[in-house]
Amino acid sequence: MSFQVKAIAMSHPIENPDLPLDELMTRWPETIRVFLDYRLLCVGCLIAPFHTVIDACREHGVDEQSFRADLHRAIGAQLRPSLNRTS
């Protein structure tokens, strides 16, 4: 990951440790595939409004760093700097 993309990823709202899973999946529906690929049943779970990525990874024994990297890849279009910037 380039420095610029990494810096953007670190400041992205998906990195908020208090972001509930249901809000994450509502704001970025493309992340639902990541949850399913990891066999996490968080999609539609009654606990999703109260659990965070940290909670889900801990509960399901998933490596948080890898999971977050895949979430970032799923929303990659939102992480890339705009090509239509005006100077």
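No lab work stands behind these numbers, since they all come straight from the coordinates. Nothing here was measured: the structure is a model prediction, and the numbers come from that model.
Judged by the gyration tensor of its Cα atoms, with axes a ≥ b ≥ c, the range 13-63 is rounded; a/c sits under the 1.5 cut. Between residue 55 and residue 15, the contour length at 0.36 nm per residue exceeds the Cα-Cα span by 13.1 nm.
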